[in-house]
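The values are calculated or read from the model by the stated rules, or taken from the named source; none is laboratory data. Just so it is clear, the model here is predicted, and its values are computed rather than measured. In this analysis, Cβ positions are derived from the backbone assuming ideal geometry, glycine residues included, and neighbour counts consider all displayed protein chains.
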Amino acid sequence: MDELGLIRGAQAPSVRIIGGGLTGILAAFEAHRLGCRRIELHERFDQLGGSAWPRRDHGLELRPERLYFGQAGDPARALLEANGLAFEDFENRFGSVSPAPGGDLVFTHDFEGPALRTRKLDLGPVTGDSLADRIRAYPHDIAQQLTRYSQWALGAWLDEVSAEAAMPLGIKRVHATQIETCELARAKRADPVYDGMYGIPRALWGRLQNLTASLPAEGFQTFFQRCRAALERLGVTIHTASMVSPQRAFAAREAGELVVWAADPTPLFSPLDLEPPRRLAKSLVSYIFKARYAGPLPFHVRNFTAEGAVFRIHLYECRGQALLSAECVAEVSDSDLRREVHRLMSGFGGASLHLDETLSIQIEPRWGQHSVDAARKLSNLHGALARSQGASFVAGAWEAQNPSASLAEISVSLVRALDLQQAEAVAA
């Protein structure tokens, strides 16, 4: 335990964590690291893992979404490893498919964003907080294609979509293909705005970040089961099939407990007399196939052509079997889907790809909070919670984009709450 935890030790309050997904699990481990010893974790499902808990078919994990951890030293991974969880490193490989004149495709290796033609880099100001405002800052030829792609992917007016949606859509950075790499590199080095909106494929840029990533050893189901065992060894009390209402959570905070709401924030709006956000209604349809593939695994490809149905392809291995997940913006026939997957993979060793039986078809909502309305109302919720519940009610890093970002946000909030509790104890 660190010095901070030793100082707090017996004075630390009880901690009640609502939500047993990855964020709640990280919150429980971090609370223990900071010296808390009376920790309860509540999860509404029968097991920990939340939405990341994978279904199985004949012993194979069906993962419609891509979830990776960082390389050695990544904060979330380090915290989990310190509690006995094991990870396996892999070479982090990916690519993108972008449109070209005449209906051709541009295949870009080691770059997750769109590669689009433009002869100038000039950026205009970003005048608002919508995705449309962000896109309009690009040169016209880039903005036109990004608008077409975003509308295809989301089926929404882009003035209603938060600029933060650029990351899950894969368009946070654009590779300007008709600009010399050295010129683009100079612009990125000279101006953080250009650095944040333009990108260069890893092989051209010479950067070594994110060369490796990691996955839990033996899969995600085993990972979450071992998380539970590790938490129980630390003395954390885990309640599965347990729904905790906001009123009950507020009452626990009033009784002196430190509460972490790591679950969906939607139930918190009504008790605080706040209007809940209007969420984007777009759903994705995920098809998972058994596959044979001679290329690197895991591997994922994004489709920026705004054509067909496939939004993203994710290839991964489970128990020696290659699996392919195709996330689609709409339902599609089996023959059309297989044809489209092969076309998008043709620039990434697609000749070696063979799709076998379909294991799963799943329809589920995505990007539920990436509207301008949701972003503003989540901000209002944070303020209302701070005013009515104080530092001892910790918001669950709802806007964070990855496990380490969630951990960092929750850790800061836990430290603030514990420091306040300690100061009050000393004053008393």
Verdict on Ser130 being among the hydroxyl-bearing types (Ser, Thr, Tyr), in contact with a strand residue (DSSP E or B) (Cβ under 9 Å, 6 or more places away or on another chain) and over 30 Å from Gly295 (Cβ atoms): yes
So Pro271, is it part of a loop (DSSP other than H, G, I, E, B) and not hydrophobic (A, V, I, L, M, F, W, C): no
Condition broken by Ser379, with the remaining ones in (1) outside any helix (DSSP H, G or I); (2) at pLDDT below 95; (3) not β-branched (Val, Ile, Thr) satisfied: (1)
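Table: residues versus (1) touching an Asp or Glu at 6+ places or on another chain (Cβ under 6 Å); (2) farther than 23 Å from Val161 by Cβ; (3) modelled with pLDDT under 95.
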{"residue": "Gln247", "(1), (2), (3)": "no, yes, no"}
{"residue": "Gly256", "(1), (2), (3)": "no, yes, yes"}
{"residue": "Pro267", "(1), (2), (3)": "no, yes, no"}
{"residue": "Ala281", "(1), (2), (3)": "no, no, yes"}
Residue within the range 268-275 that is aromatic (Phe, Trp, Tyr) and surrounded by 22 or more Cβ atoms within 10 Å (Cβ to Cβ) present: no
Selection count where residues are out of contact with any helix residue (DSSP H, G or I) (no Cβ under 9 Å at 6 or more places or on another chain), closer than 19 Å to Ala391 by Cα and not small (Gly, Ala, Ser), scope the range 235-251: 1
Residue within the range 137-151 that is in a loop (DSSP other than H, G, I, E, B) and either surrounded by fewer than 20 Cβ atoms within 10 Å (Cβ to Cβ) or of a type in the set (Lys, Arg) (or both) present: yes
Matching residues, the range 21-33, being of a type outside the set (D, E, K, R) and closer than 15 Å to Pro75 by Cα: Leu22, Thr23, Ile25, Leu26, Ala27, Ala28, Phe29, Ala31
Residue in the range 142-164 that is outside the structural domain of Ser286 (by TED's automatic domain parsing) and in contact with an Asp or Glu (Cβ under 6 Å, 6 or more places away or on another chain) present: yes
Residue under evaluation Asn210, criteria (1) over 18 Å from Leu131 (Cα atoms); (2) in a helix (DSSP H, G or I), criterion not met: (2)
Pair list, Cβ under 6 Å, 6 or more apart: the range 389-410 residue closer than 17 Å to Phe29 by Cα and touching a residue at least 12 places away in the same chain (Cβ under 8 Å), other residue acidic (Asp, Glu) and surrounded by fewer than 20 Cβ atoms within 10 Å (Cβ to Cβ): Ala397/Glu409
Criterion (hydrophobic (A, V, I, L, M, F, W, C), more than 30 Å from Ala143 (Cβ to Cβ) and either touching a helix residue (DSSP H, G or I) at 6+ places or on another chain (Cβ under 8 Å) or crowded, with 16+ Cβ neighbours inside 10 Å (or both)) met by exactly one of Ala185, Ala217, Ala229: Ala217
Residues of the range 381-401 that turn out to be under 22 Å from Ala166 (Cα atoms) and not aliphatic (A, V, I, L, M), as a count: 4
In the range 263-306, the residues that are out of contact with any strand residue (DSSP E or B) (no Cβ under 6 Å at 6 or more places or on another chain), under 30 Å from Cys36 (Cα atoms) and not hydroxyl-bearing (Ser, Thr, Tyr): Asp264, Pro265, Pro267, Leu268, Phe269, Pro271, Leu272
For Leu184: the one exception among (1) in contact with a Phe, Trp or Tyr (Cβ under 7 Å, 6 or more places away or on another chain); (2) of a type outside the set (Phe, Trp, Tyr); (3) part of a helix (DSSP H, G or I); (4) closer than 19 Å to Phe94 by Cβ: (4)
